[in-house]
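In what follows, a structure is listed as structure tokens, so that the remarks can point back to it.
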Amino acid sequence: MTLPAATLDHVVINARDDMDRAADIYQRLGFTLTERGYHSLGSMNHLAIFGTDYLELIAVAKGATSGRLDLLDFPFGLNGLVFGSEDSAITYGALSKAGVPIEPPVEFTRPVRVDGKERDARFRTVRMKAGVVPYGRVYYCHHFTRDLVWRDEWRHHANGTVAVARALIVEPDPAAGAKLYADMFGAETVRDIKGGKTVVVGNSRFDIVTEAALKAEFGDAAPDPEGRKAYMAGLTFRTVALQKAVRALQDGKIAGVIQNADRVVVPAKQALNAVLEFIE
């Protein structure tokens, strides 16, 4: 049996029901955001498109009584890690045979305005069963209309970001947390790192570490766990030039930025409770 390849599709920042504030923050962080989109499932989003992956801000409308109300069950911050799927039916079948607790594919749409015309972007997702992932949402996304997502005019960002290099997950027992990914992609995709485990995800990686290891790397810039023992903590972005990121953060009046020779860190309290790191 061939398991799916581990490729990163996108990462998701949960804005709960405060999309206006989230969009303002991430634009000031130097990201170019697409127009606000509205999913047929009842959520709204903005995207920051990179080379082969992207960042998504997701929310529901204030006062919403239907739609993606599950987003209100999670705090602000990094909430979704999404793998790519070229064929959601094959992905579902392979993972089911491997014993991974997965839900059947769900299809939905989002209108997109391109060249003055409105078209429907179509997706199908395959999600973990409820309760499998204690720290957020982990799933696969199958794009039927990639040309309505990865458009060059949306890939240019003031902070120079070209890719998601890393996602950070806090788990009290990183080895136990990494087992799901070993089952999904094969044991060879999981490696030991200081303070935990890492999962090789295409050209990026997911680091699963203890809270002590996260604090050792980021100190007071780390997010507020809000009582959670396991949580998604932050992201590392690859930029074409650190100085480009520095200028964008200065222009956006982002406070508390930490800069040294090989990285720039934005404290979680300045980025909707997700610590952000920029590297070259």
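The values are calculated or read from the model by the stated rules, or taken from the named source; none is laboratory data. Bear in mind the structure is a predicted one, so any value in this text is a computation, not a measurement. Reconstructed Cβ throughout: ideal geometry from the backbone, glycine too, with neighbour counts over all protein chains shown. Each accessible area value is taken on the protein alone, full model and side chains, heavy atoms only, with ligands, DNA and RNA left out. Shrake-Rupley method; radii C 1.70, N 1.55, O 1.52, S 1.80 Å.
Side notes on the structure shown:
- The chain - mean residue ellipticity at 222 nm from DSSP helices (-39,500 (n - 2.57) per run, n ≥ 4, rounded to 500): -5000 deg cm²/dmol
- Å² of accessible area per residue within the stretch 18-79, as computed with a 1.4 Å probe and no ligands counted: 39 Å²
- DSSP beta bridges in the chain [antiparallel fraction, %, rounded to 5]: 70 percent
- Protein accessible area in the stretch 25-184, 1.4 Å probe - carbon and sulfur %: 52 percent
- Computed from the C-beta positions of residue 87 and residue 279, the FRET efficiency with R₀ = 30 Å rounds to 0.35.
- Positive contributions from Lys and Arg (+1) and negative ones from Asp and Glu (-1), summed over other residues with Cβ under 15 Å from the Cβ of residue 250, come out at +3.
- GNM top mover of 102, 90, 13 - the chain, alpha-carbon springs below 10 Å: 90
- Each Cα pair under 8 Å and six or more residues apart adds its sequence gap; the mean of these over the residue count of the chain is a relative contact order of 20 percent.
- Gap separating the Cα centres of the stretch 220-280 and the stretch 61-110, nearest whole Å: 26 Å
- With the simple spin-label model, which puts each label point 7 Å out from Cα in the Cβ direction, the residue 179 to residue 216 separation comes to 2.4 nm.
- Rounded accessible area per residue of the stretch 151-200, 1.4 Å, Å²: 44 Å²
- Computed extension gain for residue 106 through residue 259, at 0.36 nm per residue and net of the alpha carbon distance, reaches 50.8 nm.
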